[in-house]
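Taken together, the values in this text are just the output of simple stated rules run on the coordinates, not laboratory data. The model shown is predicted, which means the values in this text are computed figures rather than measured ones. Glycine also receives a Cβ, built like all others from the backbone with ideal geometry; neighbour counts cover every protein chain displayed.
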Amino acid sequence: MLRILLCAFLLVSLSSCTAPDYEGMQAAMEARARETVSRYFFRQFGNGIDKALTALAAEGGFLDNPLVKLMLPPPVGLMLDLGQAFYNNPQAAVLDTLINRAAESVTLGAGPILKTALQELIVNDQAHVLLSGDPGAITNHLRERTSEELHKALLPSVSKALDEAGAVAIYGELIEISDIVRGIGEDVDDVSVVPSGEDSDGEGQKVPEPVAADELDDYVTARTIDGIFRAIAERESALRDQIELP
């Protein structure tokens, strides 16, 4: 009986004077294609976040990756190039390793926050808008949405890692050395030793004050989060290149 009714419906449809809505059919097919591609893209992007965090959390994930490596806070870090007394201090290399190891040790903690934000984006039907936006639109959205939450979540673990490694004490010593090097440069007025307080154009740009020792954890946390989003942005760019977006 059902087969007879279906055949009757088809005959009526074919004999109808009303032409098929080809434009509507095409629009529906395109919408379905966009939805399929979008689902695939965000599934792969979510996997990409996991892979990026896993790579960053591995030994050398930050330290050996120029894209995300944490540099010593300025102007202490600048003394690596400008002051030989500081450059030859082995503690500078130790601290360089310790802050990057701290970043590596906390990175996986960002996963749940990022994946939750990504899922909210999809549920709230923002996915297609961002997918058709700028090349880094999804990463930028996640950065804006989660940066504050990530900082709050990762800071205690960063503080613990730095304290246990003795990084804060080492950093305090390096600040003292950088102050000495800077003082020598000011005494002899030798810009080859230390910045004179002006940039190369003579516009009076001051050398930034050192990050205080008790704020090192805050600095490392902020740079860690920045590195995470740099790695995610790289994943997003590669994924967009691989998938033909509608």
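At-a-glance table
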| quantity | calculated |
| --- | --- |
| Extension gain, residue 140 back to residue 50 (0.36 nm per residue minus Cα-Cα distance, nm) | 30.7 nm |
| Residue 64 paired with residue 164, simple spin-label distance in nm, labels 7 Å along Cα-to-beta-carbon | 2.2 |
| Using a Förster distance of 35 Å, the FRET efficiency for residue 173-residue 152 (Cβ separation, nearest 0.05) | 0.75 |
| Burial ordering of 211, 220, 123, 94, fewest other beta-carbon atoms within 10 Å first | 123, 94, 211, 220 |
| Net charge dipole size for region 91-156 [Lys, Arg +1 and Asp, Glu -1 on Cβ; Debye, nearest 20] | 160 |
| Approximate spin-label separation residue 39-residue 234, in nm, with each point projected 7 Å along Cα-to-Cβ | 3.2 |
| Point-to-point label distance, residue 243-residue 120, nm (Cα→Cβ direction, 7 Å offset) | 2.1 |
